[in-house]
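To start, the structure under review is shown below, and the notes come after it.
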Amino acid sequence: MALKFTSSHWGSYQFDSSDDPVRLRTFADDPAPSDIGAGWQDAAFDADVRIARPAIRKGWLYGDRGAARNDDAYVEVPWDEALDFAAQAMTQTIEAHGNQAIYGGSYGWASAGRFHHAQSQLRRFLNLAGGYTGSKGTYSHAAAEVLIPHILGMTNGQFAENLTTWDQIADNCTLMLAFGGISARTAQIAAGGVTEHDVAAWMQRAGANGMQTLCISPLMNDVDAVAGLSWQSIRPGSDTALIMALTHELIVKGWHDTAFLDRCVTGWDTYQAYLTGAADGQAKSSEWAAPLCDIAAEDIRALARRLPKERVMVSMAWGMQRSDHGEQPIWAGLALAAALGQIGQPGTGFGFGYGSTNMGGRPQRFISWPALSQGPAKVLDYIPVARISDMLLYPGEVFTYDCETRRYPDIKLVYWAGGNPFHHHQDLNRLERAWMRPETIIVHDHSWTATARRADIVLPCTTPLERDDLMLNRKDNRLLYMSRLRAPMGEARDDYAIFNGLARRLGFKDAFTEGRSVEDWQRHIWELAVAVGTSQGLKLPDYDHFKAQGVFQCETDTESRTTLGDFVNDPQVHPLNTPSKRIEIFSDRIARENLPDCAGHPTWYAPSEKTDSVAAGWFHLISNQPRTRLHAQLDNGPIAKAAKTNGRETCWMKTQAAQALGLQAGDVVLLHNARGGCLAGLQLDPDMRADCVVLPTGAWLDLQDTPRGRICVHGNPNILTLDKGTSGLGQGNIAHTAVVQIEKWDGPAPPVRVHQQPRFTTKTEG
Ligand SMILES: Nc1nc2c(c(=O)[nH]1)N[C@H]1C(S)=C(S)[C@@H](COP(=O)(O)OP(=O)(O)OC[C@H]3O[C@@H](n4cnc5c(=O)[nH]c(N)nc54)[C@H](O)[C@@H]3O)O[C@H]1N2
Ligand SMILES: Nc1nc2c(c(=O)[nH]1)N[C@H]1C(S)=C(S)[C@@H](COP(=O)(O)OP(=O)(O)OC[C@H]3O[C@@H](n4cnc5c(=O)[nH]c(N)nc54)[C@H](O)[C@@H]3O)O[C@H]1N2
Ligand SMILES: [Mo]
C-alpha cells in the first residue's frame, strides 16, 4: 500500500489507491482541516453536472451571433469538430479584427496545482496565438492593489508578504480592531493549495495571552468565539467615517504620535486640516460619524480613549474594500495606525487580510517556486478586471484606472478557462446583456456552470482528481506531488491537451508544447524547483523520489516579520519607494488626477447605496464568502447542499427584523431591487444587524421566468449587486454595497434546475 496525495485551495488530501472504492481522506498533518473538502469527491464526479462531451450552442451553429446565449440548447460534437470550430473562430477573429479583439482576461480561481493551472495555460496559448486583451487586478482586493503602491511604495502582494506575523500578534498585541472580522470561515482557503490551517489556533493563542478583539462588523460571527472578544455593530459602508472620528478624537486630545508622524509620514497636515474641518468646514467628529455609522458618539469617544493605552493592530478584512470607495477604509485605517505611532513595532500597526485566507501573517519563509512560462505579452490592451460589462457594452469608451486614461477595446471573441463570471461578477442581468455582444464565447470547465451554459463552444476539462500535478505554494511549508485518483470522466481532457489540439490547428503546436509531454513538463518544473531549493539551502529530492514520497516538508523554522519594521527603524536607510520616501497620507500623484471619487488623502464619500438613505423596509445585502464551498465550486456537492434551506441558498436576517415582516425560519423569500431578484431560504440570526440580510455568494445562477419576472430561483446574490467601480482610481468591484427589499414568496416556488444537465438537441432538430 502506498499513500498518495492531492491538494486544493481548501486543503490537502491523502488516499490509498488500492482501496476500492478509492476515498479521499483529509491530510493527516492538517491540525484543522476544512469541512468544504468532505464534499469534493462527490461534487467532482457528479454526473448530473459534469460536461461529458464537447458541446456547441445551437444558435451559434446557425449564426445567431449571441442572441440566444442566455437560454439555449446544446449539440454534442466529437472533439475534432469542436476544436475545428474553436480554431476557425480564433483565426477569423484575428484576421478580421486583430488579436486585441480576443478577451482572455479569464479571471477565476480554477484549481490548485502548478502545471494544470487553467489561466497559465490559456495565457501561454493566447500569447503564442499573437496576444489578447487581458485584465488587471482581482475581485478580491483590486482597490488595494492600486492604492497600496501609491501610499506604501510596494505592491499589495509585497505588503501581504510583509504582514506582521501571527506570533508577534499573539505575543504583543493587546487590542485587535478587526474591521470586517477575522474568520475561520474564510481562512479555510489558501490559493494554490494548503496543508495546514492555523488562523483559528493563532486567534486562540492571542486570546489566551490577553489580546482583546473588537469585531467591527455588521455580523457578530465575523470573528469566531475567542477569549476577549466583543462586537461593535456598524452600518455597512461607513467604516471610513468611524476611523476618521477615532483619528479626530486622537488629534483634538493631543494623543496622536507627532514624532512618528513627523518622521515616517508625508501629508499629515493636509489630512489633519480635513479631519478638523479647517479644509471643508466639517469636523470629522464623533457626532458627525455617529449617525453615519449608527454608533453612539459616546461609544466612539470611549473607543478612542482606549486606543493610546493599548498596543493596537488595525486589521482590515479584504472585503472592506470590496465596496463603494473601497480605497478609503484602507487609506484611513493606515492613517489611524500612523496616528497611534505603532506601525513597525511587533504585533501592532496596520494589517490587511488576516483571516481573509489562511495565508495572511503566516510566520514562515516564503520561497518563489517556479511556474509555467506564459511567454511575452503581445497585446498591451487590458481592462480593470471588474469592468467587463462596461467593456462589452461600450467599446471605444474612455475609462480611468491607476492614474491613466484608456479606451475599452472592441471584443469579438471571449475565451474563459478556470473562472465563472456568472458567479463572480456584479449585476448579472447587466452582464447577460453585455455577454450577448461578442461573436463567439469559448469556455473550458468540467461542470455545467452558469458560464458554461452561456458559452458557444464548451470544452470539457478534467478536475485535479483526474490528473497528476505539483502543489508548489510559496505560502505553505510542504510541497506535494498531486496524484490522480481516477481516470477522467466522460471525454474530459486536461486544459493542456485542449490547447495542444488548438495549437496544432493554428500552427504553433511545437512552440506550445516545446516537445514535452505532461510528465516532461512536471519533471521540468520540478527540476527548476530543485534549483530554487538549492539557492535557499533546501535539498529537494529528485523528481522520481518526490513522486514516490508524495510530500516534501520544506523546513520547520518560523520566520517572524514586522510590517514596515526596517523603514520605521530608520527611514533614511530603508526609505519607502513612494515619491516622498515615506508613508503617503497625502499622495500628490493621486491628487493630480482630480478624480471626483478619490482625492489625494483619505476622504469620506457616501456610498451609492446605504440603508439610511432609503425608506424603511430596505436591507443592506451582505454577500460574503460561503462557509460551505469555494465561491461557486462544489455548490453541487453534499456539504453545500446540506447547508441550503429546502434546496435554496440560505439567507440570514436578524430574528426581530424577520418577525417584523411576518417571516419565519424556513420561508422562501424573494430578495429584489431595481436590478433583479432571487429566491432564498430564510434562517434567523440574533447576532447581526437588523438592517442587513446575509446571502453568501456561490449558488449557481438559475434564472427562470416567474410571475415576478425573470429571477434566480436558487439564490445568487450577484443578481442584486451593483456593477460600479470603487472609484476612477482602483475600479475594483463593489460587491458589498447594495440594498434590497425582502418579502415572503407566496405560492409554489419553481424548482431549482441548475444542478442538472442543460438541454441538448441535434444540429437539425427544432
Ligand atoms: N457578490 C459577491 N460577488 C463576489 C464576491 C463577493 O464577496 N460578493 N467575491 C469575489 C471574489 S473575492 C472572487 S475571488 C470571485 C471568485 O470567482 P471565481 O474564481 O470565478 O469563482 P469559482 O467558482 O472559484 O470559479 C472557478 C471556476 O473554474 C473551474 N475550474 C476548476 N478547475 C479547473 C481547471 O482545471 N480547468 C478549467 N478550465 N476550469 C476549472 C471551476 O469549475 C469553476 O467554475 O468572486 C467574486 N464575486
Ligand atoms: N469558505 C470560503 N472561504 C473563502 C472563500 C470562499 O469562497 N469560501 N473565498 C476566498 C477569497 S477569493 C477571498 S478574496 C477571501 C475574502 O475574504 P474577506 O473579504 O475577508 O471575506 P468576506 O466574507 O467577503 O467579508 C468579510 C466580512 O466583511 C463584512 N463586511 C461587509 N461589508 C462591511 C462593511 O462595510 N464594514 C464592515 N466593518 N464589515 C463589512 C461582512 O460581514 C463579511 O462577512 O475569502 C477567501 N476565503
Ligand atoms: Mo477573492
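Does Asp566 satisfy being modelled with pLDDT under 95 and surrounded by fewer than 18 Cβ atoms within 10 Å (Cβ to Cβ)?
no
What residue, of Leu292, Leu334, is within 23 Å of the chain's Cα centre (by Cα), surrounded by 18 or more Cβ atoms within 10 Å (Cβ to Cβ) and either farther than 29 Å from Gln168 by Cα or not charged (D, E, K, R) (or both)?
Leu334
Take the stretch 293-330 and flag every residue that is within 16 Å of ligand 2 (Cβ to nearest atom), over 17 Å from Ala599 (Cβ atoms) and out of contact with any Leu (no Cβ under 8 Å at 6 or more places or on another chain).
The answer is Asp294, Asp299, Met316, Ala317, Trp318, Gly319, Met320, Arg322, Ser323.
When the stretch 295-318 is examined, which residues are found to be open to solvent by 20 Å² or more (accessible area, probe 1.4 Å) and within 30 Å of Arg387 (Cα to Cα)?
Trp318
Return yes or no: is Ala67 of a type outside the set (Phe, Trp, Tyr), on the phi < 0 side of the Ramachandran plot and either within 16 Å of ligand 1 (Cβ to nearest atom) or not assigned by TED's automatic domain parsing to the domain that holds Leu431 (or both)?
Here the answer is no, as Ala67 does not meet what is asked.
Taking strands (runs of 3 or more DSSP E) that do not extend beyond the stretch 622-718, which have at least 2 residues that are closer than 28 Å to Asp612 by Cα, away from ligand 2 (no atom under 16 Å from the Cβ) and modelled with pLDDT of 95 or more?
668-673, 676-685, 709-712
Working only within the stretch 15-31, note down all residues that are surrounded by 16 or more Cβ atoms within 10 Å (Cβ to Cβ) and assigned to a loop (DSSP other than H, G, I, E, B).
Leu24, Phe27, Asp30
When you go through Ala643, Ala632, Ala660 one by one, which is the residue that is among the hydrophobic types (A, V, I, L, M, F, W, C), outside the structural domain of Asp42 (by TED's automatic domain parsing) and within 15 Å of ligand 1 (Cβ to nearest atom)?
Just one listed residue meets the conditions, Ala632.
Can you give me the number of residues within the stretch 176-221 that are in a loop (DSSP other than H, G, I, E, B), more than 16 Å from ligand 1 (Cβ to nearest atom) and of a type outside the set (Asp, Glu)?
6
Which one of these is more than 16 Å from ligand 3 (Cβ to nearest atom), open to solvent by 10 Å² or more (accessible area, probe 1.4 Å) and touching a strand residue (DSSP E or B) at 6+ places or on another chain (Cβ under 8 Å): Asp80, Asp72?
Going through Asp80, Asp72 in turn, the sole match is Asp72.
Report yes if Gly193 is closer than 20 Å to Asp687 by Cβ and out of contact with any Asp or Glu (no Cβ under 6 Å at 6 or more places or on another chain), otherwise no.
Working: closer than 20 Å to Asp687 by Cβ: no; out of contact with any Asp or Glu (no Cβ under 6 Å at 6 or more places or on another chain): yes.
Spelling it out, it is not the case that Gly193 is closer than 20 Å to Asp687 by Cβ and out of contact with any Asp or Glu (no Cβ under 6 Å at 6 or more places or on another chain).
Quick check on my filter: what residues within the stretch 138-167 are over 20 Å from Gly347 (Cα atoms), in a loop (DSSP other than H, G, I, E, B) and either open to solvent by less than 10 Å² (accessible area, probe 1.4 Å) or within 16 Å of ligand 1 (Cβ to nearest atom) (or both)?
Thr138, Tyr139, Ser140, His141
So which of Thr276, Thr258 is assigned by TED's automatic domain parsing to the domain that holds Ala302 and closer than 19 Å to Arg582 by Cβ?
Thr258
Scan the stretch 385-407 and tell me whether some residue there is touching an Asp or Glu at 6+ places or on another chain (Cβ under 6 Å), assigned by TED's automatic domain parsing to the domain that holds Arg69 and assigned to a loop (DSSP other than H, G, I, E, B).
Checked against the condition, which is being touching an Asp or Glu at 6+ places or on another chain (Cβ under 6 Å), assigned by TED's automatic domain parsing to the domain that holds Arg69 and assigned to a loop (DSSP other than H, G, I, E, B), the stretch 385-407 yields at least one hit.
One line per residue, one yes/no per condition, for (1) touching a strand residue (DSSP E or B) at 6+ places or on another chain (Cβ under 9 Å); (2) under 19 Å from Arg123 (Cα atoms); (3) not polar (S, T, N, Q):
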position	(1), (2), (3)
Val458	yes, yes, yes
Glu466	no, no, yes
Asn473	yes, no, no
Arg478	yes, no, yes
Asp494	yes, yes, yes
Phe499	yes, yes, yes
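Kindly indicate whether any position in the stretch 118-126 is part of a loop (DSSP other than H, G, I, E, B) and assigned by TED's automatic domain parsing to the domain that holds Arg478. So that I can check it myself, show each step before the final result.
The initial filter retains those residues of the stretch 118-126 that are part of a loop (DSSP other than H, G, I, E, B), namely none.
No: the stretch 118-126 contains no residue that is part of a loop (DSSP other than H, G, I, E, B) and assigned by TED's automatic domain parsing to the domain that holds Arg478.
Scanning for something of a type outside the set (Ser, Thr, Tyr) and touching a Ser or Thr at 6+ places or on another chain (Cβ under 6 Å), does the stretch 698-716 turn up at least one residue?
Within the stretch 698-716 (the criterion being of a type outside the set (Ser, Thr, Tyr) and touching a Ser or Thr at 6+ places or on another chain (Cβ under 6 Å)), the answer is no, since none of the residues qualifies.
Within the stretch 503-537, how many residues turn out to be in contact (Cβ under 8 Å) with a residue 40 or more places away in the chain and within 21 Å of Gly113 (Cβ to Cβ)? Full working, then the answer.
Taking the stretch 503-537 and keeping what is in contact (Cβ under 8 Å) with a residue 40 or more places away in the chain, we get 503, 505-506, 508, 511-512, 518-519, 521-522, 525-526, 528-529, 532-533, 536.
Applying the additional criterion that residues be within 21 Å of Gly113 (Cβ to Cβ) yields 503, 512, 518-519, 521-522, 525-526, 528-529, 532-533.
Residues flagged as in contact (Cβ under 8 Å) with a residue 40 or more places away in the chain and within 21 Å of Gly113 (Cβ to Cβ) within the stretch 503-537 amount to 12.
Given the criterion in a strand (DSSP E or B), small (Gly, Ala, Ser) and open to solvent by less than 60 Å² (accessible area, probe 1.4 Å), identify the matching residue among Ser12, Ser34.
Going through Ser12, Ser34 in turn, just one is in a strand (DSSP E or B), small (Gly, Ala, Ser) and open to solvent by less than 60 Å² (accessible area, probe 1.4 Å): Ser12.
Which of the strands (runs of 3 or more DSSP E) found entirely inside the stretch 428-500 contain at least 3 residues meeting this: modelled with pLDDT of 95 or more, within 13 Å of ligand 1 (Cβ to nearest atom) and open to solvent by less than 10 Å² (accessible area, probe 1.4 Å)?
440-445, 457-460
The values are calculated or read from the model by the stated rules, or taken from the named source; none is laboratory data. As the structure is a prediction and not an experimental result, all values here were calculated from the model. Positions of Cβ are backbone-derived with ideal geometry, glycine not excepted, and every protein chain shown enters the neighbour counts. What goes into the accessible areas is simple: the full protein's heavy atoms, side chains included, and nothing from ligands, DNA or RNA. Shrake-Rupley method; radii C 1.70, N 1.55, O 1.52, S 1.80 Å.
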